[in-house]
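Student: Quick one: the structure is below, and I'll ask about it shortly.
The values are calculated or read from the model by the stated rules, or taken from the named source; none is laboratory data. This is a predicted model, so every value here is computed, not measured. In this analysis, Cβ positions are derived from the backbone assuming ideal geometry, glycine residues included, and neighbour counts consider all displayed protein chains.
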Amino acid sequence: MKQMIALLAVFFMLNTANAQLESAVAKLNTAVSVADYQQLANEFGRFAAAEPTQWLPVYYAAYSNAKIAFLQKDPDRAAQFSNLAEEQIKKAEAIVKPGGNQKELSEVYTVYSFVNRSRVEADPMVNGRKYGPTAGAQLTKARQLDPANPRALYLDGLIKFKTPAMWGGDKKKAKELFEQALKQFEVKPASAVAPQWGRADCEKMIQ
């Protein structure tokens, strides 16, 4: 009887934790402000601390902090969040890499690239040459691991859109990548907690 009660308690705790993660992922899909992303970064950080062997909570924490970095006006302030996001995405990479699931690694390297792009965005003249090639290499790896990853397609388009033509930017190609990404966003995520961010941003870029 005691063993059954213990198993039921564990089952209840796991279901509750999963429901909370689902709720946070759903909020992530509609977040727009620094305050929104800060709240989510904190939530995902708590999930990650409670589930240190799971890659998704710390992956989402990294993405949330990278978004905060993108939204900062002060380069030094942005750098703080980029650095924190890098620490977190490295943890996600360490969790995923031993098993080598290609789709999961593609998601990790997409966010890792996004983190380095946040550094470029904060101070292009200083950080462009230092972090731009790294972000590009990480994104290339992400697309090789999963060519249909809509977040990698979206980020590739974003980079081409924001990069000056003299340095390889191409707005026409960017639009094509955004359109490809939107088609892939139509594919239903594997679960309610699987990566699904990026669709709203992609739609805005096309508009």
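Student: Taking the condition in contact (Cβ under 8 Å) with a residue 12 or more places away in the chain and either surrounded by fewer than 19 Cβ atoms within 10 Å (Cβ to Cβ) or of a type in the set (S, T, N, Q) (or both), does residue 187 pass?
Tutor: Numbers: in contact (Cβ under 8 Å) with a residue 12 or more places away in the chain: yes; either surrounded by fewer than 19 Cβ atoms within 10 Å (Cβ to Cβ) or of a type in the set (S, T, N, Q) (or both): yes.
When the stated conditions are applied, residue 187 passes them.
Student: Can you spot a residue in region 42-61 that is of a type in the set (Asp, Glu), surrounded by fewer than 24 Cβ atoms within 10 Å (Cβ to Cβ) and farther than 22 Å from residue 198 by Cβ?
Tutor: yes
Student: Also, quick follow-up: Among the residues of region 163-185, write down those that are more than 22 Å from residue 118 (Cα to Cα) and within 23 Å of the chain's Cα centre (by Cα).
Tutor: Taking region 163-185 and keeping what is more than 22 Å from residue 118 (Cα to Cα), we get 172, 176, 179-180, 182-185.
Selection gives 176, 179, 180, 182, 183, 184, 185.
Student: Got a number for residues in region 148-186 being within 23 Å of residue 123 (Cβ to Cβ), among the aliphatic types (A, V, I, L, M) and in contact with a Leu (Cβ under 8 Å, 6 or more places away or on another chain)?
Tutor: Total satisfying the criteria: 3.
Student: Report yes if some residue within region 80-98 is modelled with pLDDT under 95, of a type outside the set (Lys, Arg) and farther than 29 Å from residue 164 by Cβ; otherwise report no.
Tutor: Checked region 80-98: at least one residue is modelled with pLDDT under 95, of a type outside the set (Lys, Arg) and farther than 29 Å from residue 164 by Cβ.
Student: Residues in region 102-147 that are over 22 Å from residue 56 (Cβ atoms), buried (at least 21 other Cβ atoms within 10 Å of the Cβ) and basic (Lys, Arg): how many?
Tutor: The total comes to 1.
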